[in-house]
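Written below as structure tokens is the structure these notes are about.
The values are calculated or read from the model by the stated rules, or taken from the named source; none is laboratory data. These numbers come from a predicted model, not from an experiment. Don't worry about glycine lacking a Cβ; one is built from the backbone with ideal geometry, like all the others, and counts go over all protein chains shown. Remember, those area values only see protein heavy atoms, side chains included, never the ligands or the DNA or RNA. Shrake-Rupley method; radii C 1.70, N 1.55, O 1.52, S 1.80 Å.
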Amino acid sequence: MTWRTVGATLRHPLYRQGVSDMLGAGVGVGAWGLVTGVAMVKSGMSVPVALAMSLLVYAGSAQLAVIPLLAVGAPLWVVWLTASCVNLRFVIFSSLWRSYFVHLPLRQRLAIGYFSGDVIFVAFMKRFPEPRPAPEQVPYFWGAASINWLAWQVPSVIGILLANTIPLAWGLGFAGVLALLGVLLSLLFDRATWLATAVAATAAVAAFALPLKLNILVAIAAAVAAGLLMEAVERRRQGRTQDGTP
């Protein structure tokens, strides 16, 4: 992408629309980033490592999932498996992104993969429900992605640098839970996601006694299974409707 292309993208009306659509969600993302930054340092991670994790990993749910595991010295395979399971949803996201961005050069697609996120995905799919490429989609994506990245990284870095001066009595953990709930509610847009969320919550509570936070893996596995089952049922129902079968 040349500087001329970057300038054209920044001036595009859909870039500004993407920025506008992400401003509201950016507040919740920022609170989540601040809590995650503080949590990384409080768990014993050094500031340089925490900064590298925030900038390179850039996956809040995965970071929060593995921080307790790292703090208790969990085996590396448990850490990797947890992070992989938490991020399984991006495999589904990428298959849908492909319908919009498959025509772009590999370098641009890799950049889109890094900057994509849950809230961006929801906003983009609401704006462009038809899975086909259009010129205005790239500016819109980068408008949303730029706000989401800044809303995460700036508070996360602040939390990392000021973690030792922020007392736990401020209740940042509760603020983080509220931020996560806000982000979660923005992702619940159909029956399949509601069902998967309910199943995940139930499984996480039922398996809470498992060591090394393995209830997280149980919840993820249950949610994925429920989502896939719901999707299969919906496809079968749609097939029957098209065939005229009752």
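Any residue at all in the range 197-209 that's farther than 28 Å from residue 81 by Cβ and either in a helix (DSSP H, G or I) or at pLDDT below 65 (or both)?
The answer is no; no qualifying residue exists.
Being open to solvent by 60 Å² or more (accessible area, probe 1.4 Å) and in contact (Cβ under 8 Å) with a residue 12 or more places away in the chain is the filter here, so list the residues in the range 72-81 that pass it.
Listed by number, the residues that qualify are 72, 81.
Considering each residue of the range 100-148, count those that are in contact with a Gly (Cβ under 6 Å, 6 or more places away or on another chain) and of a type in the set (Phe, Trp, Tyr), and give that number.
Within the range 100-148, residues that are in contact with a Gly (Cβ under 6 Å, 6 or more places away or on another chain) and of a type in the set (Phe, Trp, Tyr) number 1.
Based on this model, can you work out whether residue 25 counts as without any contact (Cβ under 8 Å) to a residue 40 or more places away in the chain and assigned to a helix (DSSP H, G or I)?
When the stated conditions are applied, residue 25 does not pass them.
A quick yes/no check of all residues on (1) closer than 30 Å to residue 217 by Cβ; (2) in the same structural domain as residue 215 (by TED's automatic domain parsing); (3) loosely packed, with under 14 Cβ neighbours inside 10 Å:
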site	(1), (2), (3)
7	no, no, yes
12	no, no, no
28	yes, no, no
57	yes, no, yes
60	yes, no, no
96	yes, no, yes
102	no, no, yes
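Name every residue in the range 84-95 that is of a type outside the set (D, E, K, R) and either touching an Asp or Glu at 6+ places or on another chain (Cβ under 8 Å) or modelled with pLDDT under 85 (or both), in order of residue number.
84, 85, 86, 87, 88, 90, 91, 92, 93, 95, listed by residue number.
For the range 104-152, what are the residues that are closer than 14 Å to residue 12 by Cβ, open to solvent by 10 Å² or more (accessible area, probe 1.4 Å) and of a type in the set (Phe, Trp, Tyr)?
142 - this is the single residue of the range 104-152 that is closer than 14 Å to residue 12 by Cβ, open to solvent by 10 Å² or more (accessible area, probe 1.4 Å) and of a type in the set (Phe, Trp, Tyr).
Restricting to the range 113-127, what's the tally of residues that are part of a helix (DSSP H, G or I), within 17 Å of residue 151 (Cα to Cα) and not acidic (Asp, Glu)?
Qualifying residue count for the region: 7.
I'd like the residue in the range 210-241 that is open to solvent by 90 Å² or more (accessible area, probe 1.4 Å) and at pLDDT below 75 and, out of all such residues, is nearest to residue 68 (Cα to Cα).
The selected residue is 213.
Regarding residue 35, is this residue open to solvent by less than 60 Å² (accessible area, probe 1.4 Å), in a helix (DSSP H, G or I), over 20 Å from residue 145 (Cα atoms) and in the same structural domain as residue 73 (by TED's automatic domain parsing)?
Judged against the criteria, residue 35 is a match.
Quick one: how many residues across the range 39-55 are open to solvent by 10 Å² or more (accessible area, probe 1.4 Å), in contact (Cβ under 8 Å) with a residue 12 or more places away in the chain and in a helix (DSSP H, G or I)?
Number of matching residues: 7.
Could you list, in sequence order, all residues of the range 21-42 that are more than 16 Å from the chain's Cα centre (by Cα) and among the aromatic types (Phe, Trp, Tyr)?
None - no residue of the range 21-42 is more than 16 Å from the chain's Cα centre (by Cα) and among the aromatic types (Phe, Trp, Tyr), so the list stays empty.
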